[in-house]
Amino acid sequence: MLVLVAMISHEAVAFCGFYVSKADGTLKNKTSQVIIAHDGNRNVITMYNDFKGNFKDFAMVVPVPVVLKKTDIKVVSQEIFKTLNDTASRDW
């Protein structure tokens, strides 16, 4: 709910990254979804991309203000996006 309130009350300005591949590589992405949550000075970005292509030739660059550690990055269930979309489209 906090995310929904933040999205409604502020203008969203964000850049969530880009894909990098070899010059002859084929990258396909049909859908990208981003959830941004703020709590004090802590920000959490949750991203979903339906990338299609060869993973060994793939990288995604996401600019962040600090150097991340491996423990800062987690894989979460795609279900969180469905839940948020369903909640946002409900008739309150």
When Glu11 is evaluated against the numbered criteria (1) modelled with pLDDT of 75 or more; (2) loosely packed, with under 11 Cβ neighbours inside 10 Å; (3) of a type in the set (Asp, Glu), which criterion, by number, is the only one it fails? (1)
Would you check which residues across segment 16-69 are farther than 26 Å from Asn85 by Cβ and among the basic types (Lys, Arg) and list them? Lys22, Lys56, Lys69
For segment 15-71, enumerate the residues that are of a type in the set (D, E, K, R), open to solvent by 90 Å² or more (accessible area, probe 1.4 Å) and under 15 Å from the mean Cα position of the chain (by Cα). Lys30
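The values are calculated or read from the model by the stated rules, or taken from the named source; none is laboratory data. All figures in this text were calculated on a predicted structure; none of them were measured in a lab. So basically every Cβ, Gly included, is an ideal-geometry build from the backbone, and we count neighbours across all protein chains shown. Remember, those area values only see protein heavy atoms, side chains included, never the ligands or the DNA or RNA. Shrake-Rupley method; radii C 1.70, N 1.55, O 1.52, S 1.80 Å.
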